[in-house]
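Q: The structure that follows is given in the form of structure tokens.
The values are calculated or read from the model by the stated rules, or taken from the named source; none is laboratory data. In this text, all values refer to a predicted model and were calculated from it rather than measured experimentally. As a convention, Cβ positions derive from the backbone with ideal geometry for all residues, glycine included, and neighbour counts pool all protein chains shown.
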Amino acid sequence: MNAVSAMDADVLGYLAGALTTVAFVPQVVRIVRTRSARDISWGMFAILSIGVALWLWYGIRLASLPLIVANGVTLALVLAICILKLRYGSRVTGRPQGGTIRTKEH
């Protein structure tokens, strides 16, 4: 692989990593705003955490900066979701959305 192809591959890796990593940000924001992580699956996030950690290890072994950066940040976000699940996971309802509580009119 020549230098231009290697650079193109790294750009592709950074783009793919950025998109898949940023995908977790709305979930973190939603959990923090609603203070509820009730619907987050422990099993899914446990498997995802292990998979991302293995991708990170693989990236380190290959010395691939795009893999290391993307999976390092993704692992941090996934672990943040797990911590928020521990903190807010058992709540049945979160904070009302929109900041107001609606009541029935009689």
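Q: Quick one: which of Gly59, Gly43, Gly89 is of a type outside the set (D, E, K, R) and either at pLDDT below 90 or in contact with a strand residue (DSSP E or B) (Cβ under 7 Å, 6 or more places away or on another chain) (or both)?
A: Gly89
Q: Let me ask something additional. Can you spot a residue in the stretch 75-88 that is over 15 Å from the mean Cα position of the chain (by Cα) and within 14 Å of Gln27 (Cα to Cα)?
A: Within the stretch 75-88, one or more residues are over 15 Å from the mean Cα position of the chain (by Cα) and within 14 Å of Gln27 (Cα to Cα).
Q: Same structure again: Quick check on the stretch 30-37. Is at least one of its residues under 25 Å from Leu84 (Cα atoms), touching a Gly at 6+ places or on another chain (Cβ under 8 Å) and of a type in the set (A, V, I, L, M)?
A: yes
Q: Related question: Name every residue in the stretch 13-57 that is over 15 Å from Leu79 (Cβ atoms), assigned to a helix (DSSP H, G or I) and touching a residue at least 12 places away in the same chain (Cβ under 8 Å), in order of residue number.
A: Listed by number, the residues that qualify are Gly13, Tyr14, Ala16, Gly17, Ala18, Thr20, Arg33, Thr34.
Q: Please work out which one of (1) under 14 Å from the mean Cα position of the chain (by Cα); (2) modelled with pLDDT under 90; (3) part of a helix (DSSP H, G or I); (4) of a type in the set (Val, Ile, Thr) is the condition Val4 fails and give its number.
A: Of (1) under 14 Å from the mean Cα position of the chain (by Cα); (2) modelled with pLDDT under 90; (3) part of a helix (DSSP H, G or I); (4) of a type in the set (Val, Ile, Thr), only one is false for Val4: (1).
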